[in-house]
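Working notes, structure below.
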Amino acid sequence: MAVRNMFHYRDYIYCVYQEKSFTKAAEKLHISQPSLSALVRKEEESIGQPIFNRKTTPISLTLFGSEYIKSIETVYDLEERLKSMSSDLNMLQTGALAISASNLGIPHFVPQTLVQYKQCYPNVHLSVIEASTIKAKHMLDTGAIDLIITSQPLDQDGYEVQLCYQEQLIIAVPKEYQVNQKLTDNCLRWEKPSTDKTMPVSLQEFEHTPFILLNRGNYLRSCTDMLFREAQIEPEVVLEVEQSSVAYNFANYGLGAAIFSSRFISRDYFKNLKYYAIASKYAQRKGYVCFRRGCYVTTAMQQFIQILRNAAEEHGATQ
């Protein structure tokens, strides 16, 4: 039996597998249930092995059926790779790119890169999803997105992880807080906050300062907890939030101090906040672009990664 004939009704069989029901699959495929059952039975007879165990509720796969479904998924993946290659041959005149990142509401080079990319390739459908790394990783695994921009490196066994930029965690303190008076010489300047040579400050200086932190489970929260443990202090947490952009805004309104990346600083935020570099090796972080290992890397993906790296260099974020 030729291999090509074994997958003649693959779409029908795969739909039954997904729905775990001939009736539901028939409704989704817009054919009658008896016709669908006959097609599947015909394929099973042609192969010489049952694919589904019809005695269970819901229906399940036989041992052969499990391998058959894996083979269908392999064929689907190969077809997608060929489609991507064909799209690339159109010189980025068509295609799509889906990216996930966090804190896109704050002006910095990552959202600026997204704008630059769209301006360079206006015909590429660009989809941007703001999400935590945990949520973005799930979307990457399911194929909902192509790339993740994150400071949390993913497991290199399952993902390609490419270094794109470096960043420094800093502390932002409302200007009216008394602690600023003894740290005048340590304030970062607007011009080059990420490369400022001002003496870093120990978090012990802020032992009695209220803090706005990210929720537990967030990678940045894990980093800040490590910083506090190193300084041997227990921070006074007045608020926990989901995103750094939210912490930034509440700090700007004077609710408490916050810790986030120096790449988020803009001139407008120097009106109400004082910034300090943190004296710790844990305050240095790297930013990565990640995608699934083994997936076809489209020209759209390659060009975006290159533009992101160029933007990081222009903003001094690769030093």
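FYI, it's all coordinate maths here, none of it is from the lab. Every value quoted in this text rests on a predicted model; they were computed, and no experiment measured them. Positions of Cβ are backbone-derived with ideal geometry, glycine not excepted, and every protein chain shown enters the neighbour counts.
Report, in debye and to the nearest 20, how large the dipole of the chain comes out about its Cα centre when Lys and Arg carry +1 and Asp and Glu carry -1 on their Cβ. Don't skip to the end; give the middle numbers.
On the way: 33 positive and 34 negative charges, 52 e Å.
In debye, rounded to 20, the chain gives about 240.
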Over the chain, with a Gaussian network built from C-alpha contacts below 10 Å, which listed residue (LEU140, LEU29, LEU203) shows the highest mean-square fluctuation? LEU29
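Tell me, which longest segment in the chain has none of the GluC sites (Glu not before Pro) that fall in DSSP loops with at most 15 further Cβ atoms within 10 Å? The partial results should precede the final answer.
Values: sites that count: GLU176, GLU191, GLU207, GLU242.
Longest gap between qualifying sites, sites excluded: 1-175.
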Quantify how much of the Cα-Cα distance distribution of region 167-284 extends past 20 Å, in percent. 33 percent
Which value in nm describes the separation of the simple spin-label points at LEU255 and ASP155, placed 7 Å from the Cα toward the beta carbon? 3.5 nm
Binned at 10 Å starting from 0, the alpha-carbon pair-distance distribution of region 3-88 in whole percents comes out as 17, 48, 27, 8, 1
With all distinct Cα pairs included, what does the Kirkwood hydrodynamic radius of the chain come out to in Å, to one decimal, could you say? 23.1 Å
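What is the order of ILE59, ILE148, ILE51, fewest Cβ neighbours within 10 Å to most?
By the 10 Å Cβ count, ascending, the order reads ILE59, ILE51, ILE148.
Compute the FRET efficiency between GLN302 and LYS135 as 1/(1 + (r/R0)^6), taking r as their Cβ-Cβ distance and R0 = 30 Å, and round to the nearest 0.05. Present the calculation step by step, with values, prior to reporting the outcome.
Details: r = 25 Å, r/R0 = 0.83.
Here the calculated transfer efficiency is 0.75.
Where in the chain are the helices, taken as whole DSSP H runs, whose Cα atoms extend 18 angstrom or more along the long axis and whose Kyte-Doolittle mean reaches at least -0.5?
Numbers: long enough: 33-47 (21 Å, -0.55); 63-88 (38 Å, -0.45); 219-231 (19 Å, -0.17); 299-314 (22 Å, -0.21).
Helices meeting the span and hydropathy rule in the chain are 63-88, 219-231, 299-314.
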The local net charge around ILE69, scoring Lys/Arg +1 and Asp/Glu -1 for residues other than ILE69 whose Cβ lies under 15 Å from its Cβ, equals -4
In which sequence would VAL128, VAL40, VAL173 go, from the one with the fewest C-beta neighbours within 10 Å to the one with the most? VAL128, VAL40, VAL173
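Taking 8 Å as the Cα distance limit and 6 or more residues as the minimum spacing, I'd like the relative contact order of the chain as a percentage.
On the way: 482 pairs, mean separation 72.2, N = 319.
Contact order relative to length: 23 percent.
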Candidate cut points under chymotrypsin sites (Phe, Trp or Tyr not before Pro) in region 123-231, DSSP loop plus at most 15 other Cβ atoms within 10 Å of their own Cβ, are TRP190
For VAL161, what is the net charge nearby, where nearby means another residue's Cβ is under 13 Å from its Cβ and Lys, Arg count +1, Asp, Glu -1? +1
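With r defined as the distance between the Cβ atoms of GLU79 and ARG54 and R0 fixed at 30 Å, what FRET efficiency is calculated, to the nearest 0.05?
Details: r = 29 Å, r/R0 = 0.97.
In this case the efficiency is close to 0.55.
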Enumerate lysine pairs in region 167-284 that are 8 or more residues apart or on different chains, then count those whose Cα atoms are under 18 Å apart. 7
Could you compute the net charge surrounding GLU242? Neighbours are other residues with a C-beta less than 15 Å from the C-beta of GLU242; K and R count +1, D and E count -1. +1
